[in-house]
Ligand SMILES: Nc1ncnc2c1ncn2[C@@H]1O[C@H](COP(=O)(O)OP(=O)(O)OP(=O)(O)O)[C@@H](O)[C@H]1O
Ligand SMILES: [Mg+2]
């Protein structure tokens, strides 16, 4: 209702003529005038519409105005209805009516003065309009408060939800960070152990070299003494086992000499099948899920075979009462977003070795790739299997991922990079005729023990040997003695490496054959000298003789003839 809307004014009188006169008087107010000639009519109007004020003639022959007023007041809805009585003065009655609490009551004396009546009705009509207006404003206000409250509740709920989401994300990030940190810590630890192990293994390898070389030479001199032969044989076997161990240590330390090439995993599996079958025994089923078409991986085929054998052996040990070994492979790309254990962007092949064995608890899993960590008891496991696989994966630019839980088996994923361009197969080494002539050989090794050992073996083969303990010394010797016909050099030497030395020699004497002997390569991936013939440490005298026969260029052999029993 707006403040200009007319309100209802009820006029009650049993004489129509009087009603008419009131109508005439009140017409100018512009309100809606309702008329009633009986109490019934009056109540009917009141019940049907909202009346602002009722005008009641007290002196009606058939109806007592006060009685009507009393009836109206009884009704709870009309207790507030303002009443105007038209009457001669009856103060006592009027005072009684004043006792009605809430409703306004007024009085217009007879004869009615039109201005007075109009003024009074107008006042009540205005009051009514203002009251309604206030009521509607109030209702509007309440509605808006309710609306705001609802809005607030919604935004509060939203805030709570956001807060919970934030908390969950903070928690997740914290977990991720902790995992990354512990992974980093683990990697650093393994790295440190790797450096230590690598250093020790390198020295150890050289010692074994010297031992094996000397033992071999000794064996030739004690001919006939059976006991001495047996003792020597035992010593030699011990040294050989030591050499095997150093190989695994170097593999773990990622310092083994790798010859990465494009390897077809399906082909490799074909070759390995029989070996797997016999290793695993009849109680373990082998399931192969290797697609026939798979991009070749960049890895050292021999080392990869060894790694797979190690994994198969672990699986066998975890399934003492039988089970299934599954080998699968699939290509996958790493975009760098969610890349596993820090793989760089690129294409890889994921090789999975899955067993249904006893699995590992979290503690074992965390330490599984640590070198020397084993749960297999003294004499049974060396704890170097997984660390070798881990080392191979890392050195090949890939990664290792192990998933396992007690009673849930174990899945080991070896992720290897795809060989990019079609790699040339390793150059087949030509089998040259054995040398029958004495050569002058320059032996270079920073370890005097190894240098001497190699020299002794060569001298035993009938060659003349010049020793040098560094690349610089070797170059000096070469300048002084142009009679040198072959160089056998260690690779890993302080200052100038064997590869550096080879490059320097090539500049001066491009025809001089060089053999690189190494227990490990520092940077096997970027080694630009892979075309150099190699000899892996530790080597036996026969390996040495064979290497010389293969790599000493036949064109410069003057008196060589193939011998029938070589
Ligand atoms: N497939 C597997 N299921 C359950 N546990 C395993 C599995 N592979 C490895 N492990 C656990 O990880 C440890 C380390 O394995 P790793 O291959 O490095 O050494 P090892 O097998 O104990 O000894 P080695 O390989 O030198 O014979 C094992 O002793 C074993 O507890
Ligand atoms: Mg093992």
> Can you sort 220, 120 by how many other beta carbons sit within 10 Å, fewest first?
Replying inline: 220, 120
> What ranking of 348, 107 emerges when the number of other C-beta atoms within 10 Å of each C-beta is taken as an exposure proxy, fewest first?
Replying inline: 107, 348
> Short version: what are the Cα gyration tensor semi-axes of the range 195-320, square root of 5 times each eigenvalue, largest first, in whole Å?
Replying inline: 36, 20, 14
> Classify the range 235-296: rounded, prolate or oblate, from the alpha-carbon gyration tensor (a ≥ b ≥ c, eigenvalue square roots; a/c under 1.5 rounded; otherwise prolate if a/b is larger than b/c)?
Replying inline: oblate
> Rounded, prolate or oblate: which fits the range 1-76, taking a ≥ b ≥ c as square roots of the Cα gyration tensor eigenvalues, rounded meaning a/c under 1.5, else prolate when a/b beats b/c?
Replying inline: oblate
> What angle do you read, to the nearest 10 degrees and between 0 and 90, between the alpha-carbon axis of helix 114-221 and the longest principal axis of the chain?
Replying inline: 10
>> Just to be sure I understand: of the beta bridges DSSP finds with both ends in the chain, what percent are antiparallel, rounded to 5?
In response: 40
> Listing 324, 234 from the residue with the fewest other Cβ atoms within 10 Å to the one with the most, what is the order?
Replying inline: 234, 324
>> Nearest 500 deg cm²/dmol is fine: what mean residue ellipticity at 222 nm does the chain get from its DSSP H runs of n ≥ 4 alone, each adding -39,500 (n - 2.57), divided by its residue count?
In response: -16500 deg cm²/dmol
>> Let's test this: bin the Cα-Cα distances of the range 275-368 at 5 Å from zero up to the farthest pair and state each bin's percent.
In response: 3, 11, 18, 20, 20, 17, 9, 3, 0
>> Using only Cα atoms and rounding to the nearest 10 degrees, what angle (0 to 90) does helix 226-252 make with the longest principal axis of the chain?
In response: 30
>> Apply the a/c threshold of 1.5 to the C-alpha gyration tensor of the range 1-43 and tell me whether it is rounded, prolate or oblate.
In response: oblate
> Could you give the angle, 0 to 90 degrees to the nearest 10, between helix 498-508's Cα long axis and the longest principal axis of the Cα atoms of the chain?
Replying inline: 60
>> How many angstrom lie between the Cα centre of the range 465-488 and the Cα centre of the range 359-389?
In response: 46
> Stokes-Einstein at 37 °C, 0.692 mPa s, Kirkwood radius from Cα pairs: D for the chain in µm² s⁻¹?
Replying inline: 99
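Quick note: the coordinates plus some simple rules give every number you see, no bench work behind them. The model shown is predicted, which means the values in this text are computed figures rather than measured ones. Virtual Cβ from ideal backbone geometry, glycine too; neighbours counted across all protein chains shown.
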